[in-house]
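Notes follow the structure.
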Amino acid sequence: MVNIDWKNLPFGYMKTNCNIRCYWRDGKWGELEVSDSEYINLHIAATALHYGQEAFEGTKAFRGKDGKIRLFRCAENAKRMQNSASYIKMIAPPEDLFIEAIRKIVKLNSEFVPPYESGASLYIRPLLIGSGPQVGVKPANEFLFLIFVTPVGPYFKEGFRPVDIVIARDSDRAAPQGTGHIKVGGNYAASLPGQEKAHGLGFSTVLYLDSKEKKYIDECGPANFFAIKNNSYITPESHSILPSITNMSLMELAKDMGMSVERRKIPVEELGTFEEVGACGTAAVISPINKIVDIEENKIFQYCQNHEPGPISKKLYDTLRAIQYGDLPDKFNWISFID
Ligand code: PLP
Ligand code: COI
């Protein structure tokens with residue numbers, strides 16, 4: 001085992017043994033190449049650099065009490081990368097290549113998968129970039145698919161503690177008919193000003209509204225938004241939000257717990273009626289939200305009592321984590337093992 005302070009891991013980059021790469025050239029994917037270099041050799045006119053032709057993914061590996069390493073629904077990440085790639089005119093790795101690369105790189109870095117007791121995990125970051133040169137605005141004719149891994153702790157420093165967030169009324173991460181529904185770097189660049197402003201004001205992240213009318217809730221920094229009311233799990237329907245694999249899983253868990261699930265537009269005014277609200281994603285897992293502040297409208301929505309997560313958010317969080325770490329049976333078939 002490597003010597004790492006597993007319990008105090010931030011959500012950040014750490015060098016591991018190796019990463020994995022594969023090039024699409026001359027109409028086909030090449031071999032998976034393992035590398036111990038943290039750098040890539042890239043053409044100065046690569047489309048990823050100039051025109052943002054790139055997409056990425058995020059998934060995690062978990063070590064159970066039994067010591068076994070578990071992957072969570074990574075076929076869904078393969079599919080989402082295909083959607084992202086197709087929209088911005090890239091060639092994506094087929095699902096079997098994507099999964100083979102994940103399995104190989106996790107295995108080669110198995111000592112970096114945190115121990116069960118730490119509550120940490122191995123973050124897996126697949127990346128697809130236009131690596132071929134263009135000067136006109138055109139798709140590349142060569143693509144590089146790579147994956148690095150890094151052990152991580154919670155995305156928000158609070159972990160499973162409630163966070164305070166602020167509504168972004170003066171910035172958007174995605175245009176109404178833009179790229180919000182796919183996982184491309186440009187969305188994250190566009191989110192930096194809002195995020196920096198929120199941090200400066202002491203908030204963990206930003207709650208985005210729909211960028212056309214500013215009437216409905218979109219999503220919550222790098223995570224989807226959900227709310228609980230009258231035994232219902234409610235989450236926004238919008239073209240501009242990323243279809244979250246965590247959210248998809250929570251919807252199934254909520255149904256399984258006897259709740260109804262509503263996927264629909266959520267008007268901002270409805271914020272005052274929810275019993276619990278939270279953000280969810282691979283990195284964020286579930287972050288219960290304590291307070292939503294709407295500065296321009298001079299409103300504060302408060303959810304947590306004594307700064308404690310609500311009971312349904314806690315149950316969803318505990319159930320999801322227990323499935324991921326193997327403490328509950330995998331009845332939805334979400335887990336695959338690294339042998
Ligand atoms: N929304 C955005 C903008 C994200 O970056 C992410 C992270 O991947 C999510 C939502 C959550 O998606 P997932 O649960 O698939 O990680
Ligand atoms: C994830 O949850 O996997 C993400 O990609 C969030 C991230 C942008 C840090």
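Quick check: is even one residue across the stretch 133-147 among the aliphatic types (A, V, I, L, M), under 19 Å from the mean Cα position of the chain (by Cα) and modelled with pLDDT of 95 or more? Checking the stretch 133-147: at least one residue is among the aliphatic types (A, V, I, L, M), under 19 Å from the mean Cα position of the chain (by Cα) and modelled with pLDDT of 95 or more. Remark: Pro133 matches the filter, which requires a residue to be touching a His at 6+ places or on another chain (Cβ under 6 Å), touching a residue at least 60 places away in the same chain (Cβ under 8 Å) and either more than 16 Å from ligand 2 (Cβ to nearest atom) or not assigned by TED's automatic domain parsing to the domain that holds Gln177 (or both).
Taking the stretch 150-175 as the range and being of a type outside the set (D, E, K, R), outside any loop (DSSP other than H, G, I, E, B) and under 25 Å from Ser211 (Cα atoms) as the test, the residues that pass are Val163, Ile165, Val166, Ile167, Ala168. The set of residues from the stretch 200-247 being out of contact with any helix residue (DSSP H, G or I) (no Cβ under 7 Å at 6 or more places or on another chain), touching a residue at least 12 places away in the same chain (Cβ under 8 Å) and in a helix (DSSP H, G or I) comprises Thr246, Asn247. What number of residues within the stretch 161-210 satisfy the criterion of being crowded, with 21+ Cβ neighbours inside 10 Å, more than 16 Å from ligand 2 (Cβ to nearest atom) and within 23 Å of Ala85 (Cα to Cα)? Qualifying residue count, the stretch 161-210: 1. In the stretch 299-312, the condition of being within 17 Å of Ser244 (Cα to Cα) and away from ligand 2 (no atom under 16 Å from the Cβ) is met by no residue.
Can you name the residue in the stretch 247-268 that is within 16 Å of ligand 2 (Cβ to nearest atom) and open to solvent by less than 10 Å² (accessible area, probe 1.4 Å) and, of all such residues, is farthest from Arg80 (Cα to Cα)? Across the stretch 247-268, the extreme among qualifying residues is Leu250. With a requirement of 2 or more residues that are away from ligand 1 (no atom under 16 Å from the Cβ), the strands (runs of 3 or more DSSP E) lying completely within the stretch 263-329 that satisfy it span 285-294, 299-302.
The values are calculated or read from the model by the stated rules, or taken from the named source; none is laboratory data. Remember, predicted model here, so these are calculated numbers, not experimental data. Cβ: placed from backbone, ideal geometry, glycine included. Neighbour counts: every protein chain shown. Surface accessibility is based on the protein's heavy atoms, side chains included, excluding ligands, DNA and RNA. Shrake-Rupley method; radii C 1.70, N 1.55, O 1.52, S 1.80 Å.
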